[in-house]
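Inspection log for the structure reproduced underneath, given as C-alpha cells.
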C-alpha cells in the first residue's frame with residue numbers, strides 16, 4: 001500500500017454461521033506497530049453461502065501510503081452447532 005492513494009480488497013468467501021450472533025470484520029493494521037488504521041469493515045454473517053462468492057471492500061483511506069497487515073476476525077457466539085464459520089481464499093489488493 002505504500003505507493004497507492006486508493007485501493008480495493010477482494011477475496012473469495014464462504015460464510016457458514018448460525019446467522020444469530022456470529023460476527024466477522026476486516027481490519028487494516030499498520031505493519032510497524034499493528035495499530036488499526038480507520039474503522040473495521042463488518043462482513044454480513046447472516047448470509048449462508050452455497051458456494052464461494054467474491055467480496056469487495058474499499059481499503060480504508062488511512063491505510064494508503066502505509067505498509068499494512070490485513071486481518072480477518074471471526075467471532076462465534078460459542079453455540080454448539082455444525083457450522084464452519086468463515087473461510088477465505090484468493091485474496092487480492094488492487095488499485
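The values are calculated or read from the model by the stated rules, or taken from the named source; none is laboratory data. Computed from a prediction, not measured in an experiment: that's the story for all the values here. We place every Cβ from the backbone using ideal geometry, glycine too, and count neighbours over all the protein chains shown.
Determine if region 20-36 includes at least one residue that is modelled with pLDDT under 90 and under 16 Å from the mean Cα position of the chain (by Cα). Yes. Only one of the numbered conditions (1) surrounded by fewer than 13 Cβ atoms within 10 Å (Cβ to Cβ); (2) part of a loop (DSSP other than H, G, I, E, B) is violated by residue 39, and that is (2). The sole residue among 86, 29, 34 that is touching a helix residue (DSSP H, G or I) at 6+ places or on another chain (Cβ under 9 Å), in contact (Cβ under 8 Å) with a residue 12 or more places away in the chain and within 30 Å of residue 4 (Cβ to Cβ) is 29.
So is residue 11 surrounded by 11 or more Cβ atoms within 10 Å (Cβ to Cβ), modelled with pLDDT of 95 or more and at negative phi or not?
yes
Considering region 42-64, and only residues there that are in a loop (DSSP other than H, G, I, E, B) and out of contact with any strand residue (DSSP E or B) (no Cβ under 6 Å at 6 or more places or on another chain), the residue that is nearest to residue 5 (Cα to Cα) turns out to be 64.
One line per residue, one yes/no per condition, for (1) surrounded by 11 or more Cβ atoms within 10 Å (Cβ to Cβ); (2) in contact (Cβ under 8 Å) with a residue 40 or more places away in the chain; (3) within 14 Å of the chain's Cα centre (by Cα); (4) under 20 Å from residue 90 (Cα atoms):
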residue: 45; (1), (2), (3), (4): yes, yes, yes, yes
residue: 50; (1), (2), (3), (4): no, no, no, yes
residue: 55; (1), (2), (3), (4): yes, yes, yes, yes
residue: 62; (1), (2), (3), (4): yes, no, no, no
residue: 65; (1), (2), (3), (4): yes, yes, no, no
residue: 73; (1), (2), (3), (4): yes, yes, yes, yes
